[in-house]
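Data first, discussion second: the structure below is written as structure tokens.
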Amino acid sequence: MRGDDVIETDDDQQQSFYTDVVAGLSADQKTLPCRWLYDQRGSELFEEITELPEYYPTRTEIGIFESHLPAMAEAVGPQAHVVEFGAGAGTKTRLLLQALKAPKSYVAIDISADFLKSSMAALAADFHDINVIPIVGDFMDAAGLAATQLPEGNRLAFFPGSTIGNLLDMEIIEFLKGVRAMLGDNGQFLIGFDLVKSEDILVPAYDDAAGVTAEFNLNLLKRINRELDGTFDVDAFAHEARWNETDGRIEMHLVSQTEQTVGVNGDRFTFQKGETIHTENSRKFRLDGFESLAKQAGWNFKKIWTDDRAYFAVALMG
């Protein structure tokens, strides 16, 4: 399959978006699922975020890959069939596919159809010997379809970027169990996850001085206005990143700057001044804590690599 021939998992993504928005804004603590941050513009903004000086995760993880990819490739073995959850621009994917010995196929899952189509077409053009299969969908929902596209053999799941940190503990275990079932007993999982560190480092990574993360977060309101006939005054909300020490996570919120009422397809939602919409979690792990979650889902660490500062970890699980 060519990289620009995408497979859709959600026949009515617009209805799913509307359902999630209404349910989230009707809750006592208003929430919006973070997957909806990634429309075309949101995906572009996130790629900008990964290059910001405050945003250490991407460059730290890439540094781990660049230092240890030969060892990773040796451990994975030849002729791998790779499935990636949240493919994005494919920067780390390219590093992995270049390092692996004769990889056979690559299934890419991402929520943004337009962004996935363009990035995977470029990747397919550069890796002629690999069958590139893009699937549009949320990684929590697309694993079943991905399994039908992944040939038998040396199966490897790839999940860099600590996107696993967007999930709650029970969701992490559920997801890891699903991947275990999808890959089979001999499957392997190469996963990146962010580690606990100083709040002085964490908060600026999600609230940069240039305001790109703020634009990324507020873009979700623009998307609601555009796609769901919303009436959000985007200027009446402000981005905020918080460190939740108890739950070990960064939280992104949109804070109402005034008392106001907004509409979404005719539904009305009232905000008090200072009330927030919780849009994303980014969990930070301890090595033993993540290993415990993985074991509950049937995975064991085979190898683990970290950077010199122990900011980030990449684990190969089997």
With the condition kept exactly as written, say whether any residue in segment 121-137 is of a type in the set (S, T, N, Q) and modelled with pLDDT of 90 or more. yes
Check off (1) in contact with a helix residue (DSSP H, G or I) (Cβ under 6 Å, 6 or more places away or on another chain); (2) in a loop (DSSP other than H, G, I, E, B) for Val107 and give me the number that stays unchecked. (2)
Which residues, taken from segment 253-307, are of a type in the set (Lys, Arg) and within 21 Å of the chain's Cα centre (by Cα)? Arg283, Lys284, Arg286
Counting only residues that are basic (Lys, Arg), buried (at least 18 other Cβ atoms within 10 Å of the Cβ) and out of contact with any strand residue (DSSP E or B) (no Cβ under 8 Å at 6 or more places or on another chain), give me the strands (runs of 3 or more DSSP E) lying completely in segment 262-318 with at least 2 of them. none
Please tell me if Lys30 is modelled with pLDDT of 95 or more and of a type in the set (Lys, Arg). yes
Kindly indicate which of Ala146, Ala99, Ala108 is more than 14 Å from the chain's Cα centre (by Cα) and at pLDDT 85 or above. Ala99
Would you be able to tell me the number of residues in segment 175-226 that are part of a helix (DSSP H, G or I), out of contact with any strand residue (DSSP E or B) (no Cβ under 9 Å at 6 or more places or on another chain) and of a type in the set (A, V, I, L, M)? 3
Taking segment 72-104 and keeping only residues that are more than 20 Å from Lys117 (Cα to Cα), hydrophobic (A, V, I, L, M, F, W, C) and not in a helix (DSSP H, G or I), one is left with Ala80, Leu100, Ala102
With respect to Ser43, is the statement that it is more than 18 Å from Gly161 (Cβ to Cβ) and at pLDDT below 95 true? no
Contact list, first residue from segment 9-29 and among the small types (Gly, Ala, Ser), second anywhere and at pLDDT below 90, beta-carbon distance below 9 Å, six or more apart or interchain, is Ser16/Asp10; Ser16/Asp138
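The values are calculated or read from the model by the stated rules, or taken from the named source; none is laboratory data. Predicted model only: the values in this text are computed from it and were never measured. Because the Cβ atoms are built from the backbone with ideal geometry, glycine has one as well, and the counts that use them run over all protein chains shown.
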